[in-house]
């Protein structure tokens with residue numbers, strides 16, 4: 001991704017990322033057309049995120065709806081200096097999905113979604129590649145420094161939104177062991193990311 | 001936690017609670033407590049943002065999934081995208097009902113995958129068969145440069161669609177009036193309207209030749225019923241040049 005200039009001089013794909021952040025900020029100013037644009041360019045991704053966590057389409061659809069209503073109300077708090085637009089949106093969607101689980105409305109299967117397989121999306125959009133590219137490179141690099149158990153636990157927790165208890169059950173290890181893997185992994189990750 | 005390995009946190013280190021919260025590793029009362037702490041404790045909230053920005057990039061690996069069109073309808077309804085009956089004078093009267101009574105307009109916007117609102121609007125308006133004159137689009141901005149309305153002009157039909165981007169209510173006992181300002185010409189009224197939803201106006205045929213690139217659309221504040229002089233009498237609150245798509 002070396003061709004992404006931090007100061008785009010021409011209409012390259014970098015503009016896609018700049019404008020998603022700009023559009024999200026416009027939503028924060030009450031721009032309804034901008035909400036439609038943000039929805040158009042990001043809802044399939046957020047649907048994927050919600051579906052993976054909730055495991056059920058109708059639940060994921062409800063949460064997706066709540067997500068964009070929340071985006072409409074809270075986009076004014078989006079700060080492009082702190083997060084890319086897409087990670088901010090993902091955070092809103094994941095929180096809504098986790099709240100849905102908290103509310104007890106969702107009864108998830110206790111087994112992993114095997115059909116979702118290894119989640120990699122081969123056809124990543126330009127937007128995904130540009131948005132948060134530096135943060136992503138740093139995260140991937142730092143995750144590689146963790147041992148396999150730590151890495152698996154943190155990635156699975158992110159994608160599936162599962163608790164320590166569920167992670168431990170899936171791996172067949174005691175709860176204390178799982179907490180230890182994850183916490184050590186997270187502390188190491190933080191140290192690496194802050195370097 | 002075992003204290004035997006080298007990457008064990010030092011005793012003084014805090015547990016990575018913010019990351020645990022972001023990942024959703026704790027549920028129930030524990031999650032509620034962290035949610036409360038996020039609201040009350042600025043440093044903790046900063047930590048949460050740190051992790052959201054980093055871990056959130058993993059979502060790049062998540063496959064996008066199909067979203068049914070009705071989801072957008074529900075969102076649009078909840079955020080107040082409700083179309084309103086027209087209150088445009090004269091020419092547009094026959095356009096009442098029909099598409100503006102339904103959510104089709106917003107459904108169209110939701111479905112359109114274009115990055116440009118303008119492009120989305122035009123997709124909804126018309127997909128031309130024969131090469132017609134390109135539609136015109138204008139972003140009408142307030143005096144501070146903020147975009148207040150998007151407008152499209154279909155030069156095949158004379159339909160002008162005006163969509164408020166932000167709430168710009170007219171002062172009490174006043175209304176908004178839409179004007180076409182030809183290049184080098186005087187403003188011509190397209191009617192009065194209430195700016196609380198999408199508005200459709202039919203441009204009179206004799207005005208159509210004046211609707212071209214660099215002509216402007218402008219919105220003035222007028223007494224109820226509109227300007228009686230044939231020219232804007234109140235302040236122009238928003239204006240923008242038209243461009244071909």
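Read the figures in this text as sums done on the coordinates, not as results from a lab. Values in this document were obtained by computation on a predicted structure and should not be read as measured data. In this analysis, Cβ positions are derived from the backbone assuming ideal geometry, glycine residues included, and neighbour counts consider all displayed protein chains.
Quick notes
- Approximate spin-label separation residue B:206-residue A:103, in nm, with each point projected 7 Å along Cα-to-Cβ: 5.9 nm
- Packing around the peptides B:35-48, B:226-239, taken as the average count of other Cβ atoms within 10 Å per residue, puts them in this order, highest first: B:226-239, B:35-48.
- Highest average packing first - A:36-42, A:135-141, Cβ atoms within 10 Å: A:36-42, A:135-141
- Were the residues from residue B:214 through residue B:157 laid out at 0.36 nm apart, the gain over their Cα-Cα distance would be 18.6 nm.
- Hydrodynamic estimate: the Kirkwood radius of the stretch A:45-98 over Cα pairs, inserted into Stokes-Einstein at 20 °C and 1.002 mPa s, corresponds to D of 193 µm²/s.
- Here the simple spin-label model places points 7 Å from the Cα toward Cβ, and for residue A:145 and residue B:40 these points are separated by 3.4 nm.
- Span from the the stretch A:45-69 Cα centroid across to the the stretch B:170-229 one, whole angstrom: 42 Å
- Note on residue A:70 and residue A:195: the model spin-label points, each 7 Å out from Cα along the C-beta direction, lie 3.4 nm apart.
- Spread over its residues, the convex hull of the C-alpha atoms of the stretch B:148-200 is 92 Å³ per residue.
- Volume in Å³ per residue [convex hull over Cα atoms, computed for the stretch A:132-195]: 73 Å³
- According to the Cα-based calculation, Rg over Rh for the stretch B:17-61 is 1.00, with Rh computed by the Kirkwood formula.
- Kirkwood radius for the stretch A:13-105, taken over all pairs of different Cα atoms as the inverse mean of 1/r, rounds to 13.2 Å.
- Computed over the stretch A:13-105: relative contact order in percent, which uses C-alpha pairs under 8 Å that are six or more apart: 35 percent
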